[in-house]
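A short reminder: the numbers here are calculations on the coordinates, not readings from a lab. Because the structure is a prediction, the values reported are computed rather than measured.
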Amino acid sequence: MIDQGIELKDEERTRCEVWTRVMGYHRPVSAFNAGKRAEHAERRYFTETPCDTRTRRPGRAAA
């Protein structure tokens with residue numbers, strides 16, 4: 001259950017540091033140069049949906 005009555009002032013908030021994988025290793029986005037930040041902002045994200053396991057036969061790979 002979420003209490004909707006809690007409000008934080010800006011000075012009470014904790015900054016969230018975002019990390020991402022770049023060139024095979026993880027780095028904080030705050031450490032990127034201007035070009036890499038622009039590339040990161042242009043990234044597109046996707047949501048993977050699980051396959052329906054009822055339509056697959058056991059021992060067979062999905063097509």
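Can you pull a Stokes-Einstein diffusion coefficient for segment 1-45 at 4 °C (1.567 mPa s), Rh from Kirkwood over Cα pairs, as a whole number of µm²/s? Can you show the working numbers first?
On the way: Rh = 13.3 Å.
The estimated diffusion coefficient comes to 97 µm²/s.
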Please list, ordered by chain and number, the residues whose modelled amide H lies under 5 Å from the amide H of PHE32; skip anything fewer than 5 residues away on the same chain. none
